[in-house]
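*Asks:* Got a structure for you, written out below as structure tokens; questions coming shortly.
Nothing in this text is a laboratory measurement; each read-out follows from the coordinates by a stated rule. Since we're looking at a predicted model, the values are computed, not measured. Note that each Cβ is placed from the backbone with ideal geometry, even for glycine, and that neighbours are counted across all protein chains shown.
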Amino acid sequence: MWRSFNWIMRTNIIANLLLTCLLTGGSCLQAKDWDARARELVGKMTLPEKIEELHGIQDAGHYRYVPPIPRLGIPAFHIANGPAGVGPAGDNPQKPATALPAPIALASTWDAATANRYGVIIGQEAKDLNEDLLEGPDVNIARVPQNGRTFEAFGEDPYLVSQMAVAEIQGIQSQDIIANVKHYAANNQENNRGSVNVIVDERTLHEIYLAAFEASVREGRVASIMGAYNKVNGTYCCQNDELLNQILKKDWGFKGFVTSDFGAVHSTVPSALAGLDLEMPTGKYFGASLERAVISGRVPLSVIDDKLIRRFRTMMEFGLFDHAAKLRPIAARKDGIKARHFAEEGMVLLKNDGNELPLNSKGLRNIAVIGPFAAKAMTGGGGSSHVEPLYTVAPVKGIQERVGSKVQVAFADGKDVTQAVALAKSSDVAIVMVGDDETEGHDHSLALSGNQNELVEAVAAANSHTIVVLKTGSAVFMPWLDKVPAILEAWYPGEEDGNAVAAVLFGEVNPSGKLPITFPQRLADLPANTPEQYPGVQGVEHYSEGVFVGYRHYDAKNIQPLFPFGYGLSYTTFAYKNLAISSKHFPADLQSSKTLTVGLDVTNTGKRSGQEVVELYVGFPSTPAIPQPPAQLKGFAKITLKPGQTRPVRLQLEPHSFVCWDTRTRGWTIVPGTYRIVVGSSSRDLQLQDNLQVN
């Protein structure tokens with residue numbers, strides 16, 4: 001499916017370029033053969049010009065910017081951040097754009113088609129704002145939920161992250177905008193991110209932390225990659241020959257270019273030789289010092305040329321050399337409606353005792369909306385991913401418009417708990433909105449800050465109809481879990497916060513989100529629960545948990561989480577039956593073209609239409625040499641069912657669904673044995689299973 005998206009995108013670019021060259025009388029060879037065209041261009045450049053194009057500049061008028069060379073027709077190169085919408089670029093003040101729900105909310109949709117549409121909007125708006133490269137998506141695994149950028153990425157499972165990333169990349173690049181998948185690699189915490197040395201074994205690196213990057217290259221055809229701040233096994237990422245030259249460019253056949261994270265470069269010659277292609281935001285190492293290194297022979301000119309050819313070839317392929325930039329107004333309301341839909345689809349219903357939700361406005365006279373995250377729209381996390389929203393919808397406004405003027409909606413920010421309790425007592429229902437405020441640059445506690453836990457408990461004691469709406473970017477502890485009947489995880493809903501939350505609370509939308517991360521009960525339950533593992537000791541962090549990240553760890557250790565990976569309730573119920581596998585035998589052959597179909601029937605057994613995510617897990621044979629978790633996600637599908645309706649679901653498994661990393665051959669292998677095929681609605685609700693022999 002991804003290859004078809006990519007083919008359409010590239011075909012459109014080719015057609016546009018051919019039309020341009022015919023109309024202008026130019027060479028059609030130039031339009032079709034970007035590599036030859038880029039090589040010819042680089043051959044005309046002087047050494048100072050080449051050096052000028054290998055780094056960004058920062059001055060009073062420019063930032064996130066590589067300057068043009070008018071005499072050669074080389075255009076300026078504009079870069080914007082973009083995991084949650086078009087973020088900071090070279091403009092001051094920042095240009096507004098649609099503030100989409102956080103990527104962690106997108107991951108909660110478990111819907112690749114939604115991820116593609118999310119990418120299309122970001123790409124469209126980046127084009128409208130005259131940007132060329134968009135720094136996103138962020139595909140770093142949520143190794144520890146305390147990571148300050150958990151909200152920016154897609155969760156803890158490499159398969160889910162890969163599927164969402166590939167789809168979003170295709171969406172971004174379909175708009176002739178270069179996607180920039182980040183942060184390569186093993187950038188899984190913000191504490192000491194600029195210097196921490198990640199010690200990770202080869203199998204874990206490939207199976208967990210490189211998997212989404214590999215999928216982004218091989219399936220998503222991503223055009224650029226960002227090198228991370230940290231070290232991996234003793235070497236900074238932006239000068240890591242093993243990561244950049246060997247794995248990325250040679251093993252995966254990556255044809256695009258590698259940018260640095262901002263300020264992540266630590267050397268000139270090692271970084272140049274290791275495969276870094278563009279230093280950002282300035283030329284501290286790839287400026288005059290690189291020019292001297294070339295003149296002295298420490299860096300061959302061929303290495304410099306390769307860096308430029310990679311970027312120019314990519315820019316030509318995306319039409320950036322042939323189409324003049326043109327500012328266009330963003331379709332604010334149209335894109336806002338889509339943003340609202342994404343937020344609704346990503347919300348996860350965690351608890352709903354006694355069918356407390358959905359609310360019925362006809363039976364209500366007054367509603368109390370309480371808490372610090374009810375005061376204004378939670379448009380996203382902080383740091384470089386921040387989007388300046390085109391508009392916002394506050395929670396109270398969204399709820400008031402939903403229920404109409406006959407129902408009174410009163411607000412208290414919760415700073416005064418006594419006042420909040422009085423309001424709750426006088427109301428038919430109390431909606432308490434609490435959360436966190438994650439940001440790039442530092443990690444965070446899993447406990448809600450300030451008096452938020454006290455507030456929830458006090459309001460719940462005052463009103464038995466208390467609903468908690470969480471606006472968090474990651475997992476949080478819930479000491480009041482047993483004291484409230486309903487909990488909705490809304491994540492960071494984006495600019496349409498008020499409308500999206502109200503639509504789910506009042507049943508216009510039936511929640512269908514599933515958790516992309518495990519919610520733990522206590523810190524001791526986490527896979528990385530020692531100082532040596534996280535945040536590290538004396539600048540060194542050991543990934544000694546290996547492949548047992550997220551739910552793999554909880555399942556292997558038989559630890560009960562607060563809420564498991566893949567979990568999410570609905571306002572209806574579903575039943576699974578009739579599991580059937582197309583064959584009980586499968587060859588242990590990576591070159592095989594054989595696929596397996598796992599089929600089942602799903603029935604909506606409730607009274608409302610709803611969507612269900614069907615999750616397929618595979619249990620690998622485990623040995624002392626290659627220990628395996630009880631099950632790992634290898635497929636999923638989101639379906640819509642009316643009350644009483646039954647639909648067949650067909651999920652495909654291919655040879656790569658059964659691979660693990662072989663450290664002896666330094667490649668993927670399939671271990672013969674008995675594999676368990678299990679299907680369910682979460683990692684802890686596996687309802688159907690059968691065995692498969694891999695020969």
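*Asks:* Give the Debye-formula value of log10 I(q)/I(0) at each listed q (0.10, 0.13, 0.19, 0.23 Å⁻¹), with one equal scatterer per alpha carbon of segment 404-493, two decimals each.
*Replies:* At q = 0.10, 0.13, 0.19, 0.23 Å⁻¹ the computed log10 ratios are -0.26, -0.44, -0.87, -1.18.
*Asks:* So how compact is segment 65-147: Cα radius of gyration and Dmax in angstrom?
*Replies:* Radius of gyration, then largest Cα-Cα span, for segment 65-147: 15.2, 50 Å.
*Asks:* Rounded if a/c is under 1.5, else prolate if a/b is larger than b/c, else oblate: which is segment 339-505, with a ≥ b ≥ c the root eigenvalues of its Cα gyration tensor?
*Replies:* The shape class here is oblate.
*Asks:* Then there is this: Rounded, prolate or oblate for segment 256-391? Axes are the square roots of the Cα gyration tensor eigenvalues, ordered a ≥ b ≥ c, and the cut-off for rounded is a/c under 1.5.
*Replies:* Prolate is the answer for segment 256-391, as a/c is 1.5 or above and a/b outweighs b/c.
*Asks:* In straight Cα distance, which aspartates and glutamates are under 17 Å from residue 415, not counting same-chain residues fewer than 8 positions off?
*Replies:* 436, 437, 454, 457
*Asks:* Related question: Give the value in nm², to one decimal: projected area of the alpha carbon convex hull of segment 589-695, averaged over all directions.
*Replies:* 7.4 nm²
*Asks:* Under the definition of Cα pairs under 8 Å and six or more residues apart, what whole-number percent is the relative contact order of the chain?
*Replies:* After rounding, I find 14 percent.
*Asks:* Taking the alpha-carbon distance from residue 362 and a cut-off under 19 Å, which aspartates and glutamates remain once sequence neighbours fewer than 8 residues away in the same chain are dropped?
*Replies:* Here the aspartates and glutamates satisfying the reach criterion relative to residue 362 are 401, 428, 508.
*Asks:* Sticking with this one: Round to a whole angstrom and tell me the spacing of the C-alpha centers of segment 99-131 and segment 631-653.
*Replies:* 24 Å
*Asks:* Sort 390-403, 273-286 for me by packing, meaning the mean count of neighbouring Cβ atoms within 10 Å per residue, highest on top.
*Replies:* 273-286, 390-403
*Asks:* Here's something else I'd like to know. What ranking do 59, 128, 251 get, fewest neighbouring Cβ atoms within 10 angstrom at the top?
*Replies:* By the 10 Å Cβ count, ascending, the order reads 59, 251, 128.
*Asks:* Percent of Cα-Cα pairs per 20 Å bin, from 0 to the last occupied bin, for the chain, please list those.
*Replies:* P(r) for the chain, in whole percents per bin: 18, 50, 28, 3, 0.
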